[in-house]
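Beneath this line is the structure, given in structure tokens, with notes to follow.
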Amino acid sequence: MDSSDDVWIKDADMRPDMQQTAISIARAAIYKRQLDEKAVAGLLQEEFDSRYGGPWHCIVGRHYATKVIHQPGGYLYFYINGEGVLLFKALQDSSR
């Protein structure tokens, strides 16, 4: 399966090109490489740290709740093939 119908963006504060990068990485990891949730999260985190500077964090799974404070322009929450993917750039200022 490699169709846009398998992706649903729940919430985003991220440039469209970065969103597409995240979705493409997740698709390749899930469908082509058949990685598990932990490996998909690790791959997304490493790729975004490398491409856009870190620290990025990623959570992948079917059942979880979150509350995060993120850098402006550094948040994407989407579903792919029923898996929730939360990718965010951590806020550098720890006083928030």
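The values are calculated or read from the model by the stated rules, or taken from the named source; none is laboratory data. Since this is a predicted model, take the numbers as computed values, not measurements. Backbone-built Cβ (ideal geometry, glycine too); neighbour counts: all protein chains shown.
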*If you take the residues of segment 34-78 that are free of Cβ contacts under 8 Å to residues at least 24 places away in the same chain and of a type in the set (Ser, Thr, Tyr), which of them is nearest to PRO16 (Cα to Cα)?*
SER50
*Is it the case that some residue within segment 24-46 is farther than 15 Å from PHE78 by Cα, modelled with pLDDT of 95 or more and surrounded by fewer than 14 Cβ atoms within 10 Å (Cβ to Cβ)?*
yes
*Residue count for segment 10-33, restricted to those that are touching a residue at least 24 places away in the same chain (Cβ under 8 Å), over 12 Å from ASN81 (Cα atoms) and of a type in the set (A, V, I, L, M)*: 4
*Which condition does GLY54 not pass, out of (1) of a type outside the set (A, V, I, L, M, F, W, C); (2) under 17 Å from VAL7 (Cα atoms); (3) at pLDDT below 95; (4) surrounded by 11 or more Cβ atoms within 10 Å (Cβ to Cβ), if it passes all the others?*
(2)
*Candidate set: segment 1-23, residues that are assigned to a loop (DSSP other than H, G, I, E, B) and at pLDDT 95 or above; chosen: the one farthest from the chain's Cα centre (by Cα)*: ARG15
*Count of residues meeting criterion [out of contact with any helix residue (DSSP H, G or I) (no Cβ under 7 Å at 6 or more places or on another chain) and either under 19 Å from GLN20 (Cβ atoms) or touching a residue at least 40 places away in the same chain (Cβ under 8 Å) (or both)] in segment 84-96*: 4
*Here is a list of conditions, (1) among the basic types (Lys, Arg); (2) in contact with a strand residue (DSSP E or B) (Cβ under 8 Å, 6 or more places away or on another chain); (3) in a loop (DSSP other than H, G, I, E, B), and LYS67 meets all of them except one; can you say which number that is?*
(2)
*Scan segment 57-84 residue by residue and report those that are hydrophobic (A, V, I, L, M, F, W, C) and either exposed (fewer than 12 other Cβ atoms within 10 Å of the Cβ) or in contact with a Leu (Cβ under 7 Å, 6 or more places away or on another chain) (or both).*
CYS58, ILE59, ALA65, ILE69, LEU76
